[in-house]
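The block underneath contains the structure these notes are about, expressed in structure tokens.
Where a number appears in this text, it was derived from the coordinates with a stated rule and is not lab data. Only a predicted model underlies this, so the values are computations on that prediction, with no experimental measurement involved. FYI the Cβ positions are ideal-geometry reconstructions off the backbone, even for glycines, and counts take in every protein chain you see.
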Amino acid sequence: MNIIDTHAHIYLAEFDSDRSLMLERAGKEGVKKIIMPAIDSSTHFAMLRTEDENTISCLSMMGVHPCSIKADFEKELKIARDHFKKRSFVAVGEIGLDFYWDLTYTEEQYQAFDQQIEWALNFDMPIVIHSRDSIDECIKVVSSHQNGKLKGVFHCFTGNERQARQIIDLDFYLGIGGVLTFKNSGLDTVIKDVDLKHLVLETDAPYLAPVPFRGKRNECSYIKLVAKKLADIKNTALQEVEDITTANAEKLFAL
Ligand SMILES: [Zn+2]
């Protein structure tokens, strides 16, 4: 048993009362590493503290989430950039475009996304992309920067077959989480014909808990439910899903 949760916000307040127990449960389900996406300066220190305090390997990304891109986005970018001067991180993330919540800062979101992709290219680091109501736009931005060296993952992929194909053609991974277990998500049909070598597993905890915990707080141990569902869909052994997706994550994040 050796699973990597490639996307979990375990440093958020939702886990303040039972973080170490939650991590213990994850360890029992075979979760060996957890990769933590940054959001913005309001939670960077909680993330770095979680990395320091826990024995299970919790590794930080650094970056500014598209929902945190507002009028003061240049200040936020500078804070994230300064963290990169102090130490190394596993990825630039999570970054991207979110056109679901608010369209006020669309132009700023594009600027911040472009700039953070340039950091990743300069640092030779992968990017972790958040796209909501914006997959095609994110694919376009990644295409415009892809010089053969850009690597990363479309986290919480929920797109269609065409978008999956375009992302794979860009040499990017698809991050698969709890949505795969949702009835009528249609993601099972899309993923059925995608080779496991293009997929990594994630929870996005505390969000998007898989069935039967849908709507409740998500946690890293539930990644097993996603892995099982993926094994069912691909008609293969759970061990195979774990082995391949873990190897993919190790390669992508240089673990
Ligand atoms: Zn996230």
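Quick check on my filter: what residues within segment 128-164 are touching an Asp or Glu at 6+ places or on another chain (Cβ under 6 Å) and surrounded by fewer than 20 Cβ atoms within 10 Å (Cβ to Cβ)?
Arg132
Tell me, please, whether a residue that is closer than 24 Å to Tyr207 by Cβ, under 14 Å from the mean Cα position of the chain (by Cα), within 15 Å of the ligand (Cβ to nearest atom) and of a type outside the set (Ser, Thr, Tyr) can be found in segment 106-118.
There is no residue in segment 106-118 that is closer than 24 Å to Tyr207 by Cβ, under 14 Å from the mean Cα position of the chain (by Cα), within 15 Å of the ligand (Cβ to nearest atom) and of a type outside the set (Ser, Thr, Tyr).
Confirm whether Ser68 is under 26 Å from Asn122 (Cβ atoms), more than 15 Å from the ligand (Cβ to nearest atom), small (Gly, Ala, Ser) and under 19 Å from the mean Cα position of the chain (by Cα).
Judged against the criteria, Ser68 is not a match.
Looking at segment 169-183 only, could you name the residues that are in contact with an Asp or Glu (Cβ under 6 Å, 6 or more places away or on another chain) and assigned to a loop (DSSP other than H, G, I, E, B)?
Within segment 169-183, Gly177 is the sole residue that qualifies.
Could you identify the single residue in Ile95, Ile79, Ile39, Ile35 that is without any contact (Cβ under 8 Å) to a residue 40 or more places away in the chain and within 14 Å of the ligand (Cβ to nearest atom)? Can you show your working first?
Details: Ile79 fails: within 14 Å of the ligand (Cβ to nearest atom); Ile39 fails: without any contact (Cβ under 8 Å) to a residue 40 or more places away in the chain; Ile35 fails: without any contact (Cβ under 8 Å) to a residue 40 or more places away in the chain.
Answer to the selection: Ile95.
At least 2 residues that are touching a residue at least 60 places away in the same chain (Cβ under 8 Å) and touching a helix residue (DSSP H, G or I) at 6+ places or on another chain (Cβ under 7 Å) in each: list the helices (runs of 4 or more DSSP H) lying fully within segment 184-255 that qualify.
It comes to 238-252.
Of everything in segment 189-223 that's within 12 Å of the chain's Cα centre (by Cα) and not hydroxyl-bearing (Ser, Thr, Tyr), which residue is farthest from Ala164 (Cα to Cα)?
By that ranking, first place goes to Ala205.
List, please: which pairs have Cβ atoms under 9 Å, are six or more places apart or on different chains, and start with a residue in segment 1-24 that is assigned to a strand (DSSP E or B) and end with one that is within 16 Å of the ligand (Cβ to nearest atom) and hydroxyl-bearing (Ser, Thr, Tyr)?
Every condition considered, the pairs that remain are Asp5/Thr203; Ala8/Thr203.
Looking only at segment 165-189, which residues are away from the ligand (no atom under 15 Å from the Cβ), surrounded by fewer than 21 Cβ atoms within 10 Å (Cβ to Cβ) and not charged (D, E, K, R)?
If the condition is that a residue be away from the ligand (no atom under 15 Å from the Cβ), surrounded by fewer than 21 Cβ atoms within 10 Å (Cβ to Cβ) and not charged (D, E, K, R), then Gln166, Ile168, Leu170, Phe182, Asn184, Ser185, Gly186, Thr189 are the ones that fit.
Restricting to segment 130-163, count the residues that are within 14 Å of the ligand (Cβ to nearest atom) and part of a loop (DSSP other than H, G, I, E, B).
Count: 4.
Quick one: in segment 1-32, of everything that is of a type in the set (Gly, Ala, Ser) and away from the ligand (no atom under 12 Å from the Cβ), which residue is nearest to Val64 (Cα to Cα)?
Ranking the qualifying residues of segment 1-32, first place goes to Ala13.
Taking segment 227-255, which residues are touching a strand residue (DSSP E or B) at 6+ places or on another chain (Cβ under 8 Å) and not β-branched (Val, Ile, Thr)?
Result: Ala227, Leu230, Glu242, Asn248, Ala249, Glu250, Leu252, Phe253, Leu255.
Quick one: count up the residues across segment 83-108 that are part of a helix (DSSP H, G or I) and exposed (fewer than 11 other Cβ atoms within 10 Å of the Cβ).
Qualifying residue count, segment 83-108: 3.
Please specify each residue of segment 35-60 satisfying the condition of being touching a His at 6+ places or on another chain (Cβ under 9 Å) and not in a helix (DSSP H, G or I).
Ile35, Met36, Pro37, Ala38, Ile39, Asp40, Thr43, Ser60
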